[in-house]
Number of protein chains: 2
Amino acid sequence: MTTMLNWLTKRAELSPTQDAVVLKDGTTYSFEQLKNHAKHMAKYLMDLGVSQGDHVAVIAKNSYRFLITVHALNYVGAVSFLINTRLTNQEIDFQLKDGQVKYLLFDENLKQQISELDHQGIQLTNIHQCPLEVADISQVEDEINLNNKSHILYTSGTTGEPKGVQLTYNNHWWSANASLLNLGLYAYDRWLLSLPMFHVGGLSIVYRSVIYGIPIHLHETFDVEAIHHDLTERNVTIVSVVTVMLEQLLERLGEERYPDHFRCMLLGGGPAPKGLLEQAKEKAVPVYQSYGMTETASQFCTLDNANALTKIGSAGKPLFTNQLKIVHNETELPPHEVGEIVVKGPTVTMGYYKRDDENDKTLQNGWLKTGDLGYFDDEGFLYVVDRRKDLVISGGENVYPAEIESVLKSHPKVKDAGVVGQSDDKWGQVPVAFIVPKSSIDFVELEEFCSSQLAKYKVPKGWHKIDVLPRNASKKLLRHQLVKQLGE
Amino acid sequence: MTTMLNWLTKRAELSPTQDAVVLKDGTTYSFEQLKNHAKHMAKYLMDLGVSQGDHVAVIAKNSYRFLITVHALNYVGAVSFLINTRLTNQEIDFQLKDGQVKYLLFDENLKQQISELDHQGIQLTNIHQCPLEVADISQVEDEINLNNKSHILYTSGTTGEPKGVQLTYNNHWWSANASLLNLGLYAYDRWLLSLPMFHVGGLSIVYRSVIYGIPIHLHETFDVEAIHHDLTERNVTIVSVVTVMLEQLLERLGEERYPDHFRCMLLGGGPAPKGLLEQAKEKAVPVYQSYGMTETASQFCTLDNANALTKIGSAGKPLFTNQLKIVHNETELPPHEVGEIVVKGPTVTMGYYKRDDENDKTLQNGWLKTGDLGYFDDEGFLYVVDRRKDLVISGGENVYPAEIESVLKSHPKVKDAGVVGQSDDKWGQVPVAFIVPKSSIDFVELEEFCSSQLAKYKVPKGWHKIDVLPRNASKKLLRHQLVKQLGE
């Protein structure tokens, strides 16, 4: 199958009056309303000149307008660049240029930041200025081609240079269906979305909602009180979280219990500490650990709740449509041997935008080399040992040491720099830096320097002076030795 | 996506110990056991010479062996012809020849019937003779190509000559996924299968079971007492039925109620009488009416329980992946106007086997002209007015008048013959014949003649003598005028 009806159009046909979105203040929109609003936005964008295949960036925090925009760009057939609002202007400028973006849609509240971007040759549009009624929306195309690109989402790599992961409608479609075959679908399901929609973890919920016909409880930020309220008072059945959110929610839960219909706390963004999972079990919170990445359009493996404690640290098994093998030197390894995680399936990206060399290296016959290390146990449960070797996951955000090192090394007083992750009670991990100075050096100055070029969560939270960095014969930095020096 | 792991292999990986099959006597097999048994059967067939792409017929009534055989043929990569056991030898011989069948697998109990077939050049195998252990099954292929043909299932047409509907793995895969998006999937689901697996309605449950990871309660026949027992005592949540089965189940239910977790009585095979639906509602039985056919790999539209009584007579809306339009003279009609039902979607057949002319006429740009008549109401609910104009549905079996007429007209004493459906309290409809005799005629003789060539359910249950049949200018039989004569 290559074409089908736009999912929101189809859902509005099937379930017009069903709740599609519930906002924090209780405002509710039906699928029929959501569809009409999205089509009005699409018409508005088409009138501005946006056409099928155009590269369009969106910079917005979670909101109903952002949600409409995501669907509107699908109606137009544009390729959407959903940009992390926490990035610095410099990081955003890189994406706009690298992605050959023609239009930039932005949230009212981010007006100031947008004005400071290098947006030459890019048409700017405030998504709050589009009227959501009156226009003739009959021309808006209702059929989608599943093979078309829907998004390019940037992720930094081990090389330090961000790359645009290309995702198609097919990737999203199969991600929604594969997740469904694992988690099931109950008539009364409601999925709480507080993860940012510019990350694939949040975006995937947008599509699940319309494909499954269930409401999103849309939160602008992670407000633990508001989320607790929705879980306990508003019949939410599923919520996607990262470790730091799980921790806060459990703390807020205290001696209370979630209602019986709450059935899934889907945990992404790196393995959770054992103590936390035990705490969840004590409180009867059904945690599902998962493994996934932008390149697989969100979760690829999930550990069901039944095995949450017997298989602590495991990310479960590959979802129904997915295949996974552990490889070393081109050879598939038996259980318990650690190798590179290599994945295949209909949710796997077609490749990075304009990175043919990288794609040739990482994508072969539909198999993607993730760069992550892991092993299977005897029963086929996956254990992820190391995320892309050096990846630091801080509060659910991916932090690539190489990217920070490259900024540090550009400072005139820095001779060499190494960055690793350090355990952190609140964020899971935070980046810390080891600096080989050229001359006397002030870490406050270095911190300010980083802040001017890197998103806040990437700025090192700890600083260490060192005479020489541990490197191997081919000068590759041995980050594990730095980790050891932290006493971890 | 063109390849994926064989669904049973994948399911056994994900849920090895989960119940896959529960038989009437309580015997239970897990997915791991079912997979191993199916692979042993596959190995046995491969050793007999059966290869990928071979045409293999199966003649069997529902049983665990038949179920294993269905999966085994998928492992081999053969194209399966699942043959209606109620057909006469003459009808089966037609399929074997038309379908260029090389192997015929049969059930022990049908040995006698098989020996009377014209099986020259066809290798016969008793499916009970295959050992289900010991062999080395490691060579059995685990990957399937979704575009490959899995089945050719025969259905008679308005022309009277049976045609083989070609179905692919893709058709089954999407059918399972589309149904899921409508009915949902609960962790405790159990689907009762008493429809014959040689019909697409039964076969589709075989695949749903492995794709969803839920058990089939496999019944050899429709035994109302045994089914009632499974629904009330064995936690079955879903059962597929045709009208005559629904009627008997409701009668057996009497003043009892099904347990709360019983959530879906999926009703196929023609619209149900209003009185019956009202009775179901009184007894709180959740009936879902549907519309589908072999050509769409089972249900294409389904009416959810919420609308079962407000939309009486409707078959609901096209499932999520499906599109449907009402057409007359190449033009799409507005609501409330009756036209031909034309369907598109990933469950639609690639066409009839070796019937290029028919395929050119009925399949255009992915749209299949069903020959059925219907209309939409204002809210997009489908009403099927007439199944393929003249189709008679008797106890869930399709009966094509043209096929019976062609047999009748071959009798030396018959000058002309017309067949139509008559309402029947037990079977919904039964075929009745109008005969223009050449000479004095004995209906008992004609009935015996039909019985020798047609399955029992196709033999007319009423006989009428007539001087001349009503035909239009181009000599097309006006069956509606015959129906009028029956006073319906």
Out of B:Ile211, B:Ile216, B:Ile227, which single residue is within 14 Å of another protein chain (Cβ to nearest Cβ) and modelled with pLDDT of 95 or more? B:Ile211
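Per-residue answers, yes or no, for (1) more than 20 Å from the chain's Cα centre (by Cα); (2) among the hydrophobic types (A, V, I, L, M, F, W, C); (3) surrounded by fewer than 17 Cβ atoms within 10 Å (Cβ to Cβ):
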| site | (1), (2), (3) |
| --- | --- |
| A:His71 | no, no, no |
| A:Leu82 | no, yes, no |
| A:Gln112 | yes, no, yes |
| A:Val140 | yes, yes, no |
| A:Thr155 | no, no, no |
How do the pairs read when you match residues in the stretch A:391-405 that are within 19 Å of A:Ile83 (Cβ to Cβ) with residues anywhere that are in a helix (DSSP H, G or I) and among the aliphatic types (A, V, I, L, M), using Cβ under 6 Å and keeping only pairs 6 or more apart or on different chains? A:Gly395/A:Val244
Return the only residue of A:Leu183, A:Leu146 being within 14 Å of chain B (Cβ to nearest Cβ) and touching a Cys at 6+ places or on another chain (Cβ under 7 Å). A:Leu183
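What tally of residues in the stretch B:396-421 results from selecting those that are in contact with a Phe, Trp or Tyr (Cβ under 6 Å, 6 or more places away or on another chain) and under 13 Å from B:Phe434 (Cα atoms)? Give the derivation first.
Within the stretch B:396-421, the subset in contact with a Phe, Trp or Tyr (Cβ under 6 Å, 6 or more places away or on another chain) is B:397, B:411, B:418.
Next, only the ones that are under 13 Å from B:Phe434 (Cα atoms) stay: B:418.
The total comes to 1.
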Note on B:Ala42: of the conditions (1) touching an Asp or Glu at 6+ places or on another chain (Cβ under 8 Å); (2) under 14 Å from B:Gln139 (Cα atoms), unmet is (1)
Filter the stretch A:79-92 down to the residues that are out of contact with any Gly (no Cβ under 7 Å at 6 or more places or on another chain) and closer than 20 Å to A:Lys149 by Cβ and list them by number. A:Ser80, A:Leu82, A:Ile83, A:Asn84
Where residues in the stretch B:49-69 are more than 22 Å from B:Leu117 (Cα to Cα) and among the aliphatic types (A, V, I, L, M), which of them is nearest to the chain's Cα centre (by Cα)? B:Leu67
So A:Leu246 passes all but one of these: (1) over 15 Å from the mean Cα position of the chain (by Cα); (2) of a type outside the set (Val, Ile, Thr); (3) at pLDDT below 95; (4) part of a loop (DSSP other than H, G, I, E, B). Which condition number does it fail? (4)
Of B:Leu117, B:Leu124, B:Leu104, B:Leu96, which residue is surrounded by 12 or more Cβ atoms within 10 Å (Cβ to Cβ), touching a residue at least 40 places away in the same chain (Cβ under 8 Å) and not hydroxyl-bearing (Ser, Thr, Tyr)? B:Leu104
Just name the residue that is nearest to the other protein chains (Cβ to nearest Cβ) out of those in the stretch A:11-34 that are among the charged types (D, E, K, R) and without any contact (Cβ under 8 Å) to a residue 40 or more places away in the chain. A:Glu13
Condition broken by B:Asn398, with the remaining ones in (1) out of contact with any Lys or Arg (no Cβ under 7 Å at 6 or more places or on another chain); (2) not in a strand (DSSP E or B); (3) not assigned by TED's automatic domain parsing to the domain that holds B:Gln323 satisfied: (2)
The lone condition B:Gly380 fails out of (1) in contact with a helix residue (DSSP H, G or I) (Cβ under 9 Å, 6 or more places away or on another chain); (2) outside the structural domain of B:Gly339 (by TED's automatic domain parsing) is (2)
Of everything in the stretch A:186-208 that's of a type outside the set (A, V, I, L, M, F, W, C) and under 23 Å from A:Ser80 (Cα atoms), which residue is nearest to the other protein chains (Cβ to nearest Cβ)? A:Arg208
In the stretch A:293-325, the residues that are among the aromatic types (Phe, Trp, Tyr) and in a strand (DSSP E or B): A:Phe300
Which of the following residues is at pLDDT 85 or above and surrounded by 22 or more Cβ atoms within 10 Å (Cβ to Cβ): B:Ser394, B:Ser451, B:Ser440? B:Ser394
Determine which single condition A:His37 fails, assuming it passes every other condition in (1) away from chain B (no Cβ under 14 Å); (2) crowded, with 21+ Cβ neighbours inside 10 Å; (3) of a type outside the set (A, V, I, L, M); (4) within 25 Å of the chain's Cα centre (by Cα). (4)
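Residue-wise test of (1) assigned by TED's automatic domain parsing to the domain that holds B:Val241; (2) of a type outside the set (Asp, Glu); (3) assigned to a strand (DSSP E or B); (4) free of Cβ contacts under 8 Å to residues at least 60 places away in the same chain.
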site: B:Gly421; (1), (2), (3), (4): no, yes, yes, no
site: B:Phe434; (1), (2), (3), (4): no, yes, yes, yes
site: B:Ile441; (1), (2), (3), (4): no, yes, no, yes
site: B:Val444; (1), (2), (3), (4): no, yes, no, yes
site: B:Glu448; (1), (2), (3), (4): no, no, no, yes
site: B:His464; (1), (2), (3), (4): no, yes, yes, yes
site: B:Leu469; (1), (2), (3), (4): no, yes, no, yes
Within 13 Å of chain A (Cβ to nearest Cβ), more than 26 Å from B:His55 (Cα to Cα) and either buried (at least 22 other Cβ atoms within 10 Å of the Cβ) or not hydroxyl-bearing (Ser, Thr, Tyr) (or both): is that true of B:Asn170 in this structure? no
With respect to B:Lys426, determine if the residue is touching a Pro at 6+ places or on another chain (Cβ under 7 Å) and not aliphatic (A, V, I, L, M). no
When only residues in the stretch B:326-382 that are touching a Ser or Thr at 6+ places or on another chain (Cβ under 6 Å) and in a loop (DSSP other than H, G, I, E, B) count, which is surrounded by the fewest Cβ atoms within 10 Å (Cβ to Cβ)? B:Phe381
Considering the stretch A:155-193 alone, what residues qualify as being modelled with pLDDT of 95 or more and over 30 Å from B:Gln18 (Cβ atoms)? A:Gly164, A:Val165, A:Gln166, A:Leu167, A:Thr168, A:Tyr169, A:Leu193
Hey, A:Phe222 hits all of (1) away from chain B (no Cβ under 14 Å); (2) of a type in the set (Phe, Trp, Tyr); (3) not in a loop (DSSP other than H, G, I, E, B) but one; which does it fall short on? (3)
Looking at the structure I just gave you, is A:Leu180 without any contact (Cβ under 8 Å) to a residue 60 or more places away in the chain, within 16 Å of the chain's Cα centre (by Cα), closer than 24 Å to A:Ser150 by Cα and assigned by TED's automatic domain parsing to the domain that holds A:Gly316? no
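The values are calculated or read from the model by the stated rules, or taken from the named source; none is laboratory data. In this text, all values refer to a predicted model and were calculated from it rather than measured experimentally. Note: ideal-geometry Cβ built from the backbone for every residue, glycine included; neighbour counts use all protein chains shown.
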